[in-house]
Amino acid sequence: MEPLVGTDVEFANQTTLHPLGLATVLLLGICLLLIPRKWAILPFLLVACFISSAQRLVLFGIDFTFLRILVLVGAIRMIIRHETKNLRLCHLDIAMILWMASATFIFTLQQGSFGAFVNRAGVSFDTLGMYFIFRGLIQNWKDVERVIFICIWIAIPIGLCFLLENRTGRNIFSIFGGVPEITDIRDGRLRCQGAFSHPILAGCFWSSLIPLFVVFKFTPRRKVWAATGIISACVIVVCCASSTPILGIFMAIVGWAMFFLRNSMRIVRWTVLALLILLHFAMEAPVWHLFARISAVGGSTGWHRFNLINQAIIHFDKWWLIGCGGVEARNWGIWAGDITNHYLLEGFRGGFLTLSLFIAVLAIAFGKVGRLWRAVQADRYALYLSWALGVSLFIHCMNFTAVSYFGQIYLIFFLLLAMIGSLPADPVQVPIQRQPEFANVKQQTRLGLKKNRHGGKDLYRTVRSVEHFQ
């Protein structure tokens, strides 16, 4: 099987275990089985942020990375504790299943080997396992808030480790193997990566969390936590010295600026599309040549990203049906077959169908975010949190144009999708910060309290009425 560069294949099919790492994952696995549901996501985040994805145990030709081991333990927990009983399939769940089914079937057909099926089956197990475990563990808005708190707590020591690596040029996480001891240097800048598979992925991981950290700024007692999380994440991104994560911070600013235009987003989207089309015909080069001109730090490979998209369009007939392999991509003039575009990586692995299903997952998630913030407009905090989920998803979508995901960063992406899929878009179920109390039936009638079609109280209209009278 000829893999595409941009995937975590360097340590595949070989057992790499450090005694301390093994002891840590065993301890976290036991904790995952015993701790309350509200803290059960903590072991996953600790493994992703502190232990290299190269750590793995190979049994019968199957790679059991530490995250995969935790997924297996998490599935056992969900069954034993009956935490799947509240799961109801939604459109996003179905899209995720179809995406993985298409990716597995078409990649196996493309490679024509049982090894290819085992590989994709493992990826599907990780993807759907993490996603549905997180869906089961996250059941309400408080759970989402707790996840953000956990990420802020973890960001503090990780930020300190990245600062240490930046000052010394040595990666302390190298004791586990899988990451270099001496930090890579490009154009005179240290590219710190910690326990992550690549500096760019480390930066993308934390830049995608910044919009969620911003939410705590809007509550008086949590502003310090917001500042702590944002500063820690920015330190990590800067230490990575990569363009894509830094542009992710810029996208976070743009995404939050769009909050003031949230009721006109349809107009914004069509305007952006029209401008891109206009640029395409006005420029001498195609509009995707803009990737060659974008660089937040020196040494960026923008031209390679442009050439990758250009060659994929030119050779569309070579990959649209069942994708293509690494040798085929190199023959098109793509440097080393390096697919630094996750959209195209999905297409090259699984053809246009898999790519379309992947885009459908993103589109459905954005649609759910839109329904969320519209349903909670009476509660400003819930409104900010809903919007932050959309901004974080927007950053991932922009990252996909410049880097292909592999390793630990998948966890934060699936966690975000699970949070979006789990939150109720029904105003009756939204946590209202100011619950109105009514002295009598006459006051309820005056404030316009009504029963909705589900038999519950229409809190949205009630709170709007209370705010009007106040």
Exercise. Can you name the residue in segment 23-52 that is over 21 Å from Ile175 (Cβ atoms), among the hydrophobic types (A, V, I, L, M, F, W, C) and in a helix (DSSP H, G or I) and, of all such residues, is most open to solvent (accessible area, probe 1.4 Å)?
Worked result: Leu34
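What is the residue count in segment 74-122 for residues that are hydrophobic (A, V, I, L, M, F, W, C) and open to solvent by 40 Å² or more (accessible area, probe 1.4 Å)?
Total meeting the criteria: 14.
Would you check if there is a residue in segment 235-245 being under 15 Å from the mean Cα position of the chain (by Cα) and in a helix (DSSP H, G or I)? Write out each step before concluding.
Let us first name the residues in segment 235-245 that are under 15 Å from the mean Cα position of the chain (by Cα), namely 244-245.
Now drop any that are not in a helix (DSSP H, G or I), which leaves 244-245.
Among the residues of segment 235-245, at least one is under 15 Å from the mean Cα position of the chain (by Cα) and in a helix (DSSP H, G or I), which makes the answer yes.
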For this session: State whether one or more residues within segment 422-444 are open to solvent by less than 50 Å² (accessible area, probe 1.4 Å), modelled with pLDDT of 95 or more, outside any helix (DSSP H, G or I) and closer than 24 Å to Ile364 by Cα.
Result: no
For this session: State all residues of segment 53-93 that are over 21 Å from the mean Cα position of the chain (by Cα), closer than 18 Å to Arg37 by Cα, of a type outside the set (A, V, I, L, M, F, W, C) and not in a loop (DSSP other than H, G, I, E, B); if no residue qualifies, say none.
Result: Arg77
Problem set entry | From Ala402, Ala329, Ala312, Ala388, residue being buried (at least 21 other Cβ atoms within 10 Å of the Cβ) and either within 22 Å of His91 (Cα to Cα) or in contact with an Asp or Glu (Cβ under 6 Å, 6 or more places away or on another chain) (or both) | Ala388
Exercise. Out of all the residues in segment 265-275, is one or more over 21 Å from Ile309 (Cβ atoms), aromatic (Phe, Trp, Tyr) and open to solvent by less than 60 Å² (accessible area, probe 1.4 Å)?
Worked result: no
Exercise. Taking segment 181-192, which residues are open to solvent by 20 Å² or more (accessible area, probe 1.4 Å), on the phi < 0 side of the Ramachandran plot and part of a loop (DSSP other than H, G, I, E, B)?
Worked result: Glu181
For this session: Quickly run through segment 353-371 and pick out the residues that are over 18 Å from the mean Cα position of the chain (by Cα) and open to solvent by less than 30 Å² (accessible area, probe 1.4 Å).
Result: Thr354
For this session: Confirm whether Arg135 is of a type in the set (D, E, K, R) and open to solvent by 70 Å² or more (accessible area, probe 1.4 Å).
Result: no
Problem set entry | Meets criteria (modelled with pLDDT of 90 or more and surrounded by fewer than 18 Cβ atoms within 10 Å (Cβ to Cβ)) for Leu344 | no
Exercise. Which fully enclosed helices (runs of 4 or more DSSP H) of segment 256-352 have 3 or more residues being in contact (Cβ under 8 Å) with a residue 24 or more places away in the chain?
Worked result: 302-314, 326-331
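The values are calculated or read from the model by the stated rules, or taken from the named source; none is laboratory data. Computed from a predicted model, the values in this text were never measured in an experiment. Counting neighbours? That spans all protein chains shown, and the Cβs are built from the backbone with ideal geometry, glycine included. Note: areas computed on protein heavy atoms with side chains; ligands, DNA, RNA excluded. Shrake-Rupley method; radii C 1.70, N 1.55, O 1.52, S 1.80 Å.
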